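*Asks:* The structure's right below; bear with me while I get my questions together.
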Amino acid sequence: MVQNLGERPPEGVTTAKREPTESPAGGFCTLPLLRLCAQPFALVSGISPSPPLHQRPAGVYAFRRNAVNSAVTMAGPGSSPISHSSPASHSTSEARAALLKRATRAAIDYLDGEDARSVAPSPRAVAALGALRGPLPPGPTSPETVLHLLDEYGSPATVAKTAGRFFGFVNGGCLPAALAASWLVSAWDQNAAFFVQSPTAVTLEEVALDWVRELLGLPEGTGGAVVTGATMANFSALAAARHALLQRAGWDVEADGLFGAPPITVVVGEEAHSSLTKALGLLGLGRNRVIRVPVDGQGRMRADALPHLDANTILCLQAGNVNTGAFDPAAAICPAARAAGAWIHVDGAFGLWAAVSPKYRSLTQGFEQADSWATDGHKWPNIGYDCGVALVRDPAMLRAAMSIEAAYLMQSERREPSHYNPELSRRARGVELWAGLRSLGRQGMAEIVERTSIHARHFAAGLKAAGFEVLNEVVINQVLISFGSPERTLRTIARLQSEGTCWCGSTVWQGRTAMRISVSSWATTRDDVDRSLAAMIEAAKE
Ligand SMILES: Cc1ncc(COP(=O)(O)O)c(C=O)c1O
């Protein structure tokens with residue numbers, strides 16, 4: 001039976017995830033990892049099972065005043081530093097600890113309940129979000145009440161993404177180590193703009209960037225930025241490309257803008273992701289002012305159909321089509337493009353990670369010859385939202401495009417993140433990237449790539465055996481299914497989503513309406529695939 005989102009499982013129903021039955025490269029096990037994450041947290045914080053969230057707390061102002069009074073009385077001129085055991089500061093930190101324990105308990109209960117509930121939220125839960133609307137109250141609300149409101153109304157109206165049966169878009173599920181890191185990052189509240197603001201955040205970001213470079217098989221010396229996702233990674237890398245090409249032409253685009261600048265030719269595949277064209281628009285290069293290269297039946301750019309390339313050209317390749325998973329033939333395209341002096345950019349939001357697996361690495365051959373790359377931490381590596389990575393072979397080009405100057409900002413010799421990113425103030429998301437990758441290691445990352453790709457093939461084989469059409473060559477983790485007429489396919493998807501065992505979205509692939517299955521979560525097991533297959537076949541019944 002599928003439960004409504006947010007309802008707690010009935011007494012005695014186990015919500016723990018089962019062991020994966022399939023592990024291509026040596027037993028990647030979901031349960032121990034989760035335990036590793038959750039248990040120390042529970043032990044250290046002494047969380048008791050599910051305390052009610054709605055007990056009335058002390059007001060937020062009283063909470064603050066205690067801290068201020070404590071500081072005033074304890075830190076007068078000539079006095080010793082504030083004693084952390086003073087009754088006032090003790091009660092303040094106790095109140096905060098109680099709140100955070102409740103939040104932790106709510107989060108753990110939420111995660112434990114995900115496997116037993118509908119993946120999509122129930123219409124009732126979505127309608128109940130109305131309780132969170134309304135005007136901002138004139139006075140304060142206690143943090144406990146705020147947390148209660150979030151858990152009571154927010155949790156049930158979320159989509160159950162981490163349990164392993166969400167196959168929409170290209171969404172991973174957050175790894176336990178990345179989730180634990182994000183809790184710590186929130187507690188640290190670091191601004192990862194400059195080293196002086198957070199040596200930890202900046203150091204871990206640098207380490208993580210180099211791990212990503214190495215995992216993807218990219219050249220040493222490549223530098224980059226940790227951004228919010230592949231859209232901003234495409235934007236950042238293309239900003240570096242724009243700078244480099246116009247600098248060569250004697251034009252300072254950051255200073256003088258694009259009005260009157262020498263023209264740049266941008267070449268993209270017919271199947272370039274919409275976020276790439278959006279980034280081109282944001283950069284003033286135009287969403288439509290591009291040459292579109294024809295593609296084959298899988299969405300791969302046709303190397304024989306490339307236009308003339310020269311040193312004024314940005315050529316955008318794709319590693320992993322969002323629908324089919326197909327890769328542009330980089331090995332056939334890049335040598336000539338490099339010889340012509342074109343800047344080669346790769347949108348490898350998820351597909352580039354295939355480079356980590358010895359089994360799938362050949363798909364990424366040639367992409368290492370590019371000048372810049374965009375990828376995501378929150379897709380195949382399962383780092384959690386949000387996390388993208390822009391990498392540039394010559395980091396000086398990225399710095400030239402992104403650097404920021406003001407008398408109060410650091411211009412040190414070291415790599416300062418804000419000179420490489422679109423943002424100034426920014427979350428320390430590099431810490432989560434570091435934690436997730438550290439927990440996986442190269443082998444764990446390769447296992448995610450291989451296991452999800454095996455699951456994708458299992459979906460394709462199961463649906464084909466049931467009489468449905470697989471529209472793509474399943475090269476990695478993406479599957480396109482037609483259940484017959486467009487109407488029947490859309491009806492099947494709607495039934496599947498409301499039935500709740502799993503979630504898939506729709507697309508139109510080269511004129512055919514299809515259901516997209518993207519197996520991107522580390523947590524998906526063979527059992528999840530089998531249960532989802534059964535639900536899909538049932539939903540397709542007329
Ligand atoms: C190939 C490709 N590029 C870019 C993106 C955009 O990524 P994000 O949503 O992280 O900005 C996607 C998203 O699915 C994608 O598949």
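*Asks:* I'm checking my understanding of the structure. Among residues of segment 155-198 that are among the aliphatic types (A, V, I, L, M) and assigned to a loop (DSSP other than H, G, I, E, B), which one is surrounded by the most Cβ atoms within 10 Å (Cβ to Cβ)?
*Replies:* Restricting attention to segment 155-198, the residues satisfying the condition of being among the aliphatic types (A, V, I, L, M) are 157, 159-160, 163, 170, 175, 177-181, 184-185, 187, 192-193, 196.
From what's left, assigned to a loop (DSSP other than H, G, I, E, B): 159-160, 163, 170, 175, 192-193.
Working: 159: 15, 160: 25, 163: 22, 170: 22, 175: 28, 192: 26, 193: 23.
Residue satisfying both the conditions and the ranking: 175.
*Asks:* Still on this structure, please answer the following. Of the residues that make up segment 488-500, is at least one touching a strand residue (DSSP E or B) at 6+ places or on another chain (Cβ under 8 Å) and touching a residue at least 60 places away in the same chain (Cβ under 8 Å)? Spell out the reasoning first.
*Replies:* First, pick out the residues of segment 488-500 that are touching a strand residue (DSSP E or B) at 6+ places or on another chain (Cβ under 8 Å): 489-490, 492-493, 496-497, 500.
With touching a residue at least 60 places away in the same chain (Cβ under 8 Å) added as a condition, the list becomes 497, 500.
For segment 488-500, residues touching a strand residue (DSSP E or B) at 6+ places or on another chain (Cβ under 8 Å) and touching a residue at least 60 places away in the same chain (Cβ under 8 Å): present.
*Asks:* Inspect segment 258-265 for any residue being surrounded by 15 or more Cβ atoms within 10 Å (Cβ to Cβ), assigned to a helix (DSSP H, G or I), hydrophobic (A, V, I, L, M, F, W, C) and more than 16 Å from the ligand (Cβ to nearest atom) and give the result as yes or no. Before the answer, list the steps.
*Replies:* Of the residues in segment 258-265, the ones surrounded by 15 or more Cβ atoms within 10 Å (Cβ to Cβ) are 258, 261, 264-265.
Adding the requirement that they be assigned to a helix (DSSP H, G or I) leaves none.
No: zero hits.
*Asks:* Working only within segment 436-468, note down all residues that are surrounded by fewer than 18 Cβ atoms within 10 Å (Cβ to Cβ) and in contact with a strand residue (DSSP E or B) (Cβ under 6 Å, 6 or more places away or on another chain).
*Replies:* 464
*Asks:* Taking the options 269, 224, 286, 281, name whichever one is in contact with a helix residue (DSSP H, G or I) (Cβ under 8 Å, 6 or more places away or on another chain), within 16 Å of the ligand (Cβ to nearest atom) and not acidic (Asp, Glu). Before the answer, list the steps.
*Replies:* On the way: 269 fails: in contact with a helix residue (DSSP H, G or I) (Cβ under 8 Å, 6 or more places away or on another chain); 286 fails: within 16 Å of the ligand (Cβ to nearest atom); 281 fails: in contact with a helix residue (DSSP H, G or I) (Cβ under 8 Å, 6 or more places away or on another chain).
Criteria check complete, one pass: 224.
*Asks:* Would you pick out the residues in segment 120-154 that are part of a loop (DSSP other than H, G, I, E, B) and under 23 Å from residue 92 (Cα atoms)?
*Replies:* The initial filter retains those residues of segment 120-154 that are part of a loop (DSSP other than H, G, I, E, B), namely 120-122, 133-142.
Result: 139, 140, 141, 142.
*Asks:* Please work out which residue is farthest from the ligand (Cβ to nearest atom), limiting yourself to segment 374-430 and to residues that are part of a helix (DSSP H, G or I) and within 30 Å of residue 478 (Cβ to Cβ). Talk me through it step by step, then tell me what you get.
*Replies:* Step one: list which residues in segment 374-430 are part of a helix (DSSP H, G or I), which gives 395-402, 417-419, 429-430.
Cutting the leftovers down to within 30 Å of residue 478 (Cβ to Cβ) gives us 398, 429-430.
On the way: 398: 18, 429: 12, 430: 16 Å.
Step by step, filter segment 374-430, then rank; the result is 398.
*Asks:* Take residue 233 and decide whether it is in a helix (DSSP H, G or I), more than 20 Å from the chain's Cα centre (by Cα) and either at pLDDT 95 or above or surrounded by fewer than 21 Cβ atoms within 10 Å (Cβ to Cβ) (or both).
*Replies:* Working: in a helix (DSSP H, G or I): yes; more than 20 Å from the chain's Cα centre (by Cα): no; either at pLDDT 95 or above or surrounded by fewer than 21 Cβ atoms within 10 Å (Cβ to Cβ) (or both): yes.
No, not satisfied.
*Asks:* Restricting to segment 351-362, name every residue that is away from the ligand (no atom under 14 Å from the Cβ) and assigned to a helix (DSSP H, G or I).
*Replies:* In the first step, residues of segment 351-362 are kept if they are away from the ligand (no atom under 14 Å from the Cβ); the result is 355-362.
Passing the criteria: 355, 356, 361, 362.
*Asks:* Follow-up question, since we're still on this one. Which of the residues spanning segment 330-343 are more than 16 Å from the ligand (Cβ to nearest atom) and at negative phi?
*Replies:* To start, the set of residues in segment 330-343 that are more than 16 Å from the ligand (Cβ to nearest atom) comprises 331-343.
Those that are more than 16 Å from the ligand (Cβ to nearest atom) and at negative phi: 331, 332, 333, 334, 335, 336, 337, 338, 339, 340, 342, 343.
*Asks:* For segment 526-542, give me each residue that is surrounded by fewer than 22 Cβ atoms within 10 Å (Cβ to Cβ) and under 24 Å from residue 177 (Cα atoms).
*Replies:* Here is the first cut: in segment 526-542, the ones surrounded by fewer than 22 Cβ atoms within 10 Å (Cβ to Cβ) are 526-527, 530-531, 533-535, 537-539, 541-542.
Answer for segment 526-542, where residues must be surrounded by fewer than 22 Cβ atoms within 10 Å (Cβ to Cβ) and under 24 Å from residue 177 (Cα atoms): 526, 527.
*Asks:* If you go through segment 404-431, how many residues are without any contact (Cβ under 8 Å) to a residue 60 or more places away in the chain and in contact with a Ser or Thr (Cβ under 8 Å, 6 or more places away or on another chain)? So that I can check it myself, show each step before the final result.
*Replies:* Residues of segment 404-431 without any contact (Cβ under 8 Å) to a residue 60 or more places away in the chain: 404-408, 411, 413, 419.
Among the residues that remain, those that are also in contact with a Ser or Thr (Cβ under 8 Å, 6 or more places away or on another chain) are: 404, 419.
Number of matching residues: 2.
The values are calculated or read from the model by the stated rules, or taken from the named source; none is laboratory data. All figures in this text were calculated on a predicted structure; none of them were measured in a lab. Cβ: placed from backbone, ideal geometry, glycine included. Neighbour counts: every protein chain shown.
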